[in-house]
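**Student:** Submitted below is the structure of interest, expressed as structure tokens.
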Amino acid sequence: MAASKTSPLIQFRVEETEEGYLLHIANEAGQEVTAEATPEQMDAIIDSFADLLDDEDDVFEEGDEDAEEDEVA
């Protein structure tokens, strides 16, 4: 399978349905993908984003602690 080029995200929408959710993702090149997700899959997606954001917060907080130590020294 050939590697696909990526394009920046320009739109992301979530629509609730009777069975779960529809995820609409559009890129700068004008391509849009719509995918169905069950409530369980949506929970997994949310957990994945939360984990990523928590990791970023940890790195940011560690940087703040280093800056505070430099100021005190």
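**Student:** Quick check: residue separation of Glu15 and Thr34 times 0.36 nm, minus the Cα distance between them. What number comes out in nm? Write down the numbers at each step before the final one.
**Tutor:** Working: separation 19, 0.36 × 19 = 6.84 nm, distance 1.02 nm.
Extra length from Glu15 to Thr34 when fully extended: 5.8 nm.
**Student:** When the scattering of segment 2-54 is computed by the Debye formula from its Cα atoms alone, each counted once and equally, what is log10 I(q)/I(0) at q = 0.30 Å⁻¹?
**Tutor:** -1.06
**Student:** On a full-extension model of 0.36 nm per residue, what is the gain between Thr6 and Ala44, subtracting their alpha-carbon distance, rounded to one decimal in nm?
**Tutor:** Values: separation 38, 0.36 × 38 = 13.68 nm, distance 2.35 nm.
Working it through step by step, the gained length comes to 11.3 nm.
**Student:** Taking K and R as +1 and D and E as -1, what net charge do the other residues with C-beta under 15 Å from the C-beta of Glu15 add up to? If you can, show how the numbers build up before the last one.
**Tutor:** On the way: positive: Arg13; negative: Glu16, Glu18, Glu19, Glu32, Glu36.
Charge balance in the 15 Å sphere: -4.
No lab work stands behind these numbers, since they all come straight from the coordinates. Just so you know, these numbers come straight off a predicted model, no measurement behind them. Cβ: placed from backbone, ideal geometry, glycine included. Neighbour counts: every protein chain shown.
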